[in-house]
Amino acid sequence: MDAKNSEDQVFESVAELFSVLSTPIRLKIISAVCNGEKNVSELLAEIETTQPNMSQHLSMLYRSGVLAKRREGTQVYYRLQSERVATLCRAVCTQVAIELDAEGPLDPADRLVPAVHR
């Protein structure tokens with residue numbers, strides 16, 4: 001594989017990952033299971049959504065390899081499969097929170113969030 005194809009593959013993979021992480025509810029799910037596994041009922045108690053919607057997002061995160069799951073009786077427990085994804089989400093969410101809380105304007109070079117969101 002030449003360098004151009006390799007670079008294209010990297011960008012396509014990153015775009016696919018960002019697509020998986022592109023909804024607030026999926027970020028909330030990742031955050032909720034960062035410190036240990038949870039079942040669907042526990043997740044629904046933390047994240048405001050319907051059970052079918054939660055299941056759809058959990059399925060997407062599982063299929064993409066972000067989450068792992070195990071069954072115990074009738075309960076399915078989800079946990080992080082990829083600590084690297086959690087680290088990426090934590091870093092981005094922390095930076096965005098800092099920007100949104102910032103007093104005064106930020107240097108554009110230090111900004112992750114587009115100025116229109118401020």
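The values are calculated or read from the model by the stated rules, or taken from the named source; none is laboratory data. All of these numbers come straight from a predicted model, not from anything done at the bench. Heads up, the Cβs are rebuilt from the backbone with ideal geometry, glycines too, and the neighbour counts pull from every protein chain shown. Heavy atoms of the whole protein, side chains included, go into the accessibility calculation; ligands, DNA and RNA do not. Shrake-Rupley method; radii C 1.70, N 1.55, O 1.52, S 1.80 Å.
Evaluate the relative contact order of segment 39-118 (contact order divided by residue number), counting alpha-carbon pairs under 8 angstrom at least 6 apart; express in whole percent.
Relative contact order comes out at 19 percent.
Treating only the Cβ of Lys, Arg, Asp and Glu as charged (+1, +1, -1, -1), what charge dipole size does segment 1-115 show about its Cα centre? Round to the nearest 20 debye.
The dipole magnitude comes to about 640 debye.
Specify whether the C-alpha gyration tensor of segment 1-51 places it in the rounded, prolate or oblate class, a ≥ b ≥ c being the square roots of the eigenvalues: rounded for a/c under 1.5, otherwise prolate if a/b is larger than b/c and oblate if not.
In terms of gyration-tensor shape, prolate.
Probe of 1.4 angstrom, ligands and nucleic acids ignored: what's the accessible area per residue over segment 1-113, in square angstrom?
That works out to 67 Å² for each residue.
Considering only protein heavy atoms and a probe of 1.4 Å, how much of the accessible area of the chain is carbon and sulfur, as a whole percent?
Solvent-exposed carbon and sulfur of the chain make up 53 percent of the total.
Enumerate the calculated ³J(HN,Hα) couplings along segment 33-45 in order (Karplus 6.51 cos²θ - 1.76 cosθ + 1.60, θ = phi - 60°), each rounded to whole Hz, writing x wherever the residue is Gly or Pro.
Those phi angles translate into 9, 4, 9, x, 6, 9, 8, 4, 4, 5, 5, 5, 5 Hz.
Once phi is turned into θ = phi - 60°, what whole-Hz ³J(HN,Hα) does the Karplus curve with 6.51, -1.76 and 1.60 give for every residue of segment 70-82, x standing for Gly and Pro?
Whole-Hz 3J(HN,Hα) from phi for segment 70-82: 9, 9, 9, x, 8, 8, 10, 9, 10, 9, 5, 8, 10.
Towards the positive end of the charge dipole of the chain, with charges on Cβ (+1 Lys, Arg; -1 Asp, Glu), say which of Ile98, Val66, Leu112 has the farthest Cα.
Value: Val66.
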